[in-house]
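Reading through the structure tokens given below for one structure.
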Amino acid sequence: MAAVLEVEGVTGGYGRIPVLHGVSLQLDAGERIGLFGPNGHGKTTLLRTISGLLRPWQGDIRFEGQSIASRRPNRIVDLGIVHVMQGSTMFRDMSVAENLRLGAYSARARPDAAANLERVLQIFPRLRERSAQHARTLSGGERQMLAIGVGLMAAPRLLMLDEPTLGLAPRLKDELAEAVGAIAATGIPLLLVEQDVQFLLDLTSRLLMIEHGAVIAEFTAEAALDQAHIAEMYFGKRAN
Amino acid sequence: MDILSSVLLSGVVLGSLYALMATGLALVWTTLGIFNFAHGIFIALGAYVAWQFGTEEGFGLGATIGIVAAVSLLAALGCLIERTLVRPFLGHRNLVLAVVITTLAALIFLENSALLVWGPRFKQLPPLVDGTLAIGGLDIAAHEVLIVLLSPALLLALWAFLRLTYMGAALRAVSQNQDAALMVGIPVPVLFALAFGISAALAAIAGVLLGSIRFITPAMGNEPLVKALIVAIFGGLGSISGTIGGAYVIGMLEAVCVYFIGLYWTPAALFLCMILVLLVRPQGLFGRVD
């Protein structure tokens, strides 16, 4: 299978503070990858570097074979890489409908805006009810739905979700997992960052563990991965 | 009664001019989160360019071409200043301070350039419309009527652009969440330049209007700029409609103060008002608490 996204030995960070120390990963067409690991070890930084908000210091990032390492964020969105940021309220003083309309800003997404809007409202019926409300008046779960909805309006060819269930109640979490599952079923390649490993196991085929700014372990969902093993990876072996 | 009406009229004229200037300041403030100190020189340059192109002492091409030249050249200058003096510092930790310095430098540079080019002699634009209109038993200069009508019309057009067009929505999106705007593919730097361009164009129009009721000097924009700053803070920085409301309140207040306590104490009274309002409503008169 052809690689959709190739990240090759990328280092980077904020200002002069390095966060990523040589990350490499490859995502194939139709594949869904989950990223997990302790907080502050570079998962979000990696997504921000792929989407062009940060420039990689070294290494290369390729999308469908062409390098995107030095492109502007809006050019990267034009190619179809869409990053739904962690806990984003989107455009707080605009209505839900207006937020969604802006999601289709890129020239590639605009012709299909009407069809995509219908699809988004099918996946998240609650956004239809809240259509006229300002984004800032939404609950945490609804904000998350809006952020993902706006991402889908950009007609993604690779969707990156950063902790979509952060801080949500279990019932909402299930609702969101179902929605992300529905999105995954359409065949859009996914790069999913999440703390909840069970959530990742349900939705992705491959899990990468990121620690100290590098991929340190890889699991496949089939390889009977149990929670105890991951707890061990996180916290080390229990000292008796 | 007559005196009261002329004080009110003068307040509305001032308010209209402040609204044009302060809205430009507020637009740049909301979109980029910076304060543009060079805004005052845009007013003076707008008047000079209109004079240069329009009047007989200049190229003598007529008032219309003068105004078109002023608006388009100033819009271009606004974009240029954004590109050269603001954009290099975007994302920098000390962005606000750096831009204070660069735009102050631009102000001084452009002010002295204007002095070199056009000389120290005071100039004046002819009124855009001659004569007086009798409204409600009051003789009002037609030019003042034009100011009072044109300014709200332009601001209404700006409102319509921001509310009803896709690009306007993108501009508001950038001001509300820059990262999210980048992530839906909005070319944020282009919209920064657009905000600067619109802001400078509005200042140019204010300059053209002001240039026929006061003398054109390189420093003519500084005093209105201070007033516009009071307006922007008073009305609630970041809210365009609050800024417009604040402009008329300040304009009216200034007219009343000038009449009752005199020109000399008026700025002090205005600043006192601003401080009092901020003590009670730190978010500004029409601002919203987040």
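Can you pull the one-decimal nm distance between simple spin-label points at A:His134 and B:Leu95, each 7 Å off the Cα toward Cβ?
The modelled label-to-label distance comes out at 2.2 nm.
When the scattering of the stretch B:193-257 is computed by the Debye formula from its Cα atoms alone, each counted once and equally, what is log10 I(q)/I(0) at q = 0.17, 0.20, 0.29 Å⁻¹?
-0.68, -0.93, -1.28
Once you put a point 7 Å from the Cα of B:Ala219 and another 7 Å from the Cα of B:Leu115, both along the Cβ direction, what distance in nm separates them?
Using points 7 Å along Cα→Cβ, the separation is 0.8 nm.
What is the ratio of the Cα radius of gyration of the protein assembly as shown to 2.2 N^0.38 Å, where N is its residue count, to two decimals?
Against the compact-globule rule of thumb, the ratio is 1.17.
Run lengths n ≥ 4 of DSSP H only: what is the helix-derived mean residue ellipticity at 222 nm for chain A, with -39500 (n - 2.57) per run over all residues, to the nearest 500? Don't jump to the answer; show the numbers that get you there.
Numbers: 9 runs with 85 residues, N = 240.
Per the formula, -10000 deg cm²/dmol.
Could you check the simple spin-label distance between B:Leu8 and B:Ala153, using points 7 Å along Cα→Cβ, in nm with one decimal?
2.3
Which loop-located chymotrypsin sites (Phe, Trp or Tyr not before Pro) does the stretch B:190-290 contain, where loop means any DSSP state but H, G, I, E or B and the Cβ has at most 10 other Cβ atoms within 10 Å?
B:Tyr264
Could you work out the relative contact order of chain B, using alpha carbon pairs under 8 angstrom and six or more residues apart, expressed as a whole percent?
Numbers: 451 pairs, mean separation 105.9, N = 290.
After rounding, I find 37 percent.
Could you please rank A:Val19, A:Val77, placing first whichever residue has the fewest other Cβ atoms within 10 Å of its Cβ? The partial results should precede the final answer.
Numbers: A:Val19 21, A:Val77 28.
Starting with the residue having the fewest Cβ neighbours, the order is A:Val19, A:Val77.
Short version: ³J(HN,Hα) in whole Hz for each residue of the stretch B:249-256, in order, from phi by Karplus 6.51 cos²θ - 1.76 cosθ + 1.60 (θ = phi - 60°), x for Gly and Pro, what are they?
4, 5, x, 5, 4, 4, 4, 5
For the stretch B:45-158, what is the relative contact order in percent, using Cα pairs closer than 8 Å and at least 6 residues apart in sequence?
16
Report, in whole Å, the centroid distance computed from the Cα atoms of the stretch B:4-24 and the stretch B:219-290.
Measuring centre to centre over Cα atoms gives 12 Å.
Over the stretch A:85-188, calculate the relative contact order: mean separation of alpha carbon pairs under 8 Å at least 6 apart, over the residue count, as a percent.
Across the stretch A:85-188, relative contact order equals 39 percent.
Ratio of alpha-carbon Rg to the 2.2 N^0.38 Å globular estimate for the stretch A:75-145, to two decimals, please.
1.09
Read-outs throughout are calculated quantities, based only on the coordinates presented, and are distinct from any laboratory measurement. Note that the coordinates shown come from a computational prediction; the quantities given were computed from them, not determined experimentally. No Cβ is skipped: glycine too gets one built from the backbone with ideal geometry, and neighbour counts run over all protein chains shown.
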